[in-house]
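> Before we start, here is the structure in question, set down as structure tokens.
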Amino acid sequence: MFEKFTNNARRAVFFARYEVLQRGLPEIDTRCLLLGTIRADKDLMTRLLPADPRQPARLRADMEALLPEANDPTSGVMSPRLSGAAKLALCRAADESRRLRHWSIEPRHLLWGLVAVGGPETACLKAHGITLETVNGELAQAPSKPDRWAPFRRWITHTRAAVKP
């Protein structure tokens, strides 16, 4: 599934993993994925949030308040796994991208998957004016561009799978 992710969507997952490692949490959950998405695609957040330039910082602060207190970063797992809800959010993002016939999965699809799955972060997003309808409007407004590197990524993935012992 990750071969269809754009660079920004991959960065969102990377930043979610970074948040988990910084806090010493055992797994990547939907709250961390949302923090990663906010950090990876700031343009998306400025399009979805009201015109106040401080709104993205407020949203991030509200999301960080939802996370448990930071443990010792060395006590966490070095290779955290995705939680069940996070896996479901990624699958829903991929399904929505496929349903809309978009070429790749972007951070806006990840945001759609996170809002569709629900969870503690959904209430925070609604408080800031981001609902499933606003994300749907964002998905309908800007068509996804074809990823010119997708065939090469598929070839690399296929070649790596064939070479493994």
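> Would you kindly derive the ³J(HN,Hα) couplings of region 135-140 from the backbone phi angles with the Karplus curve 6.51 cos²θ - 1.76 cosθ + 1.60 (θ = phi - 60°), listing them in order in whole Hz, with x for Gly and Pro?
5, 4, x, 5, 5, 6
> Considering only C-alpha atoms, what is the centroid distance from region 1-36 to region 82-102, in Å?
Using only Cα atoms to place each centre, the spacing works out to 14 Å.
> Give me, ordered by chain and number, the residues 5 or more places off LEU82 or on other chains with an amide H under 5 Å from its own placed amide H.
ILE28
> Further, regarding this structure: Residue by residue, what Karplus-based ³J(HN,Hα) values in Hz, rounded to whole numbers, does region 117-132 have, using 6.51, -1.76 and 1.60 with θ = phi - 60° and x for Gly and Pro?
Residue by residue, region 117-132 yields 6, x, x, x, 6, 5, 5, 5, 5, 5, 5, 9, x, 9, 10, 4 Hz.
> Got a sec to turn the phi values of region 8-17 into Karplus ³J(HN,Hα) couplings, 6.51 cos²θ - 1.76 cosθ + 1.60 with θ = phi - 60°, whole Hz, x for Gly and Pro?
Going residue by residue, I get 5, 5, 5, 4, 4, 5, 4, 5, 5, 5 Hz, with x marking Gly and Pro.
Every number here is computed from the coordinates shown, using simple stated rules; none is lab data. Just so you know, these numbers come straight off a predicted model, no measurement behind them.
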